[in-house]
Amino acid sequence: MVKWQIDPAHSSIGFEVKHMMVSKVKGQFTNYSADIEADDLADLTSANIDITIDATSITTNNDDRDNHLKSAEFFDIEQFPDIKFKSTSFTKDGDDYKVSGDLTIKDVTKPVVLDVEYGGKGTNPWGVEVYGFEGKAKIDREQFGLTWNAALETGGVLVGKDIKIKLELELNPAQ
């Protein structure tokens, strides 16, 4: 098995959630790492993937909201600084995959399926082979203990229950 790493300069891990039931708030995590082993990334079916996201690196371009998300009312980063995903199985569909795995947020682990699109491979200007993938999933934040909310005077709630997760990853051989 070959070890692979995320190229953080060409990757992102982000999310979006409904705000006031009418618009979306988008954010991202700026610090993350992965332990990935696969014989060939063009065929993930034999891969092992462990991704660790530093929850303290959350940013939504609003300091007050970011601090609230880091607080005990949401991610409780003092007690749970990491979000983790560990793959358990892969289903190939043409060039794309369903990647099943265990997602852990705030010490709560639930199964999640990522819809992963294989973007292809290429060779960078330094002769290193790179692979691209885009992954998407939707989770119910309340199942992970992210239950804070506020009722709106006009009905509904401030923060939506469903979180859309999006990963855009460029991988290259680990050094």
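Laboratory data are not the source of any read-out in this text; all were calculated from the coordinates shown. Predicted, not measured: the structure shown is a model, and the values here were computed from it. All Cβ positions, even for glycine, are placed from backbone atoms using ideal geometry, and neighbour counts span all protein chains on display.
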Review point. Say we look at the range 120-159 and pick out the residues that are within 18 Å of the chain's Cα centre (by Cα), not in a loop (DSSP other than H, G, I, E, B) and not charged (D, E, K, R); which of these is farthest from TYR32 (Cα to Cα)?
Key: GLN143
Revision key, fill the gap. When the range 42-78 is checked residue by residue, the ones that are under 29 Å from VAL2 (Cβ atoms) and among the hydroxyl-bearing types (Ser, Thr, Tyr) are THR45, SER46, THR52, SER57
**Study point:** Cβ pairs under 7 Å, 6+ apart, first in the range 71-83 and over 11 Å from ILE58 (Cα atoms), second in a loop (DSSP other than H, G, I, E, B) and of a type in the set (A, V, I, L, M, F, W, C)
**Key:** GLU73/TRP148; PHE74/LEU146; PHE74/TRP148
Review point. Restricting attention to the range 5-60, which residues are among the hydrophobic types (A, V, I, L, M, F, W, C), part of a strand (DSSP E or B) and closer than 24 Å to ILE105 by Cα?
Key: ILE6, ILE13, PHE15, VAL17, VAL25, PHE29, ALA34, ILE36, ILE49, ILE51, ILE53, ILE58
Review point. Take the residues of the range 114-147 that are surrounded by fewer than 18 Cβ atoms within 10 Å (Cβ to Cβ) and hydrophobic (A, V, I, L, M, F, W, C): which is nearest to LYS92 (Cα to Cα)?
Key: VAL128
